[in-house]
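The values are calculated or read from the model by the stated rules, or taken from the named source; none is laboratory data. For clarity, every value in this text was computed on a predicted model and none was experimentally measured. Counting neighbours? That spans all protein chains shown, and the Cβs are built from the backbone with ideal geometry, glycine included.
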Amino acid sequence: MNLSSILVYTSSKHLEDLQSSLCALPGIEVHHQCHDTGRLIVIQEAVDEKTEMDGLRRIKDLPHVMAAEMFYHYVDDGNTLPAESQNGEVLSWA
């Protein structure tokens, strides 16, 4: 599973329309929006890197998108568990 955070810019007047378009895409969730700046933070879940990059391209191609860039990317292959301290606190990812 691949998770990515994508920062999307639009004009304030198109924010609601763009949010609706984003929510219609598979694997996409609008996590935060700022009406003053026209920024949206989008979380994308994808099965692999190709699907993840295709999703970013689909976002960039939507009407009213001025810019969209991935700023965080995480891959979980299901085999990695975090190292824990004695009190159960996560220390690091192995």
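Residue 49 falls short on exactly one of the conditions (1) surrounded by fewer than 10 Cβ atoms within 10 Å (Cβ to Cβ); (2) modelled with pLDDT under 95, and that condition is (1). In contact with a Cys (Cβ under 8 Å, 6 or more places away or on another chain) and among the charged types (D, E, K, R) - does that describe any residue in region 24-34? So far as region 24-34 goes, yes, one or more of its residues are in contact with a Cys (Cβ under 8 Å, 6 or more places away or on another chain) and among the charged types (D, E, K, R). Taking residues in region 61-75 that are within 17 Å of residue 13 (Cα to Cα), and partners anywhere that are outside any strand (DSSP E or B) and of a type in the set (Gly, Ala, Ser), the pairs with Cβ atoms closer than 9 Å and at least 6 places apart or on different chains are 62/21; 63/21; 64/11; 64/21; 65/21; 66/11; 66/38.
Residues that are surrounded by fewer than 19 Cβ atoms within 10 Å (Cβ to Cβ) and in contact (Cβ under 8 Å) with a residue 12 or more places away in the chain within region 1-20 comprise 1, 3, 5, 7, 9, 11, 12, 14, 17, 19, listed in sequence order.
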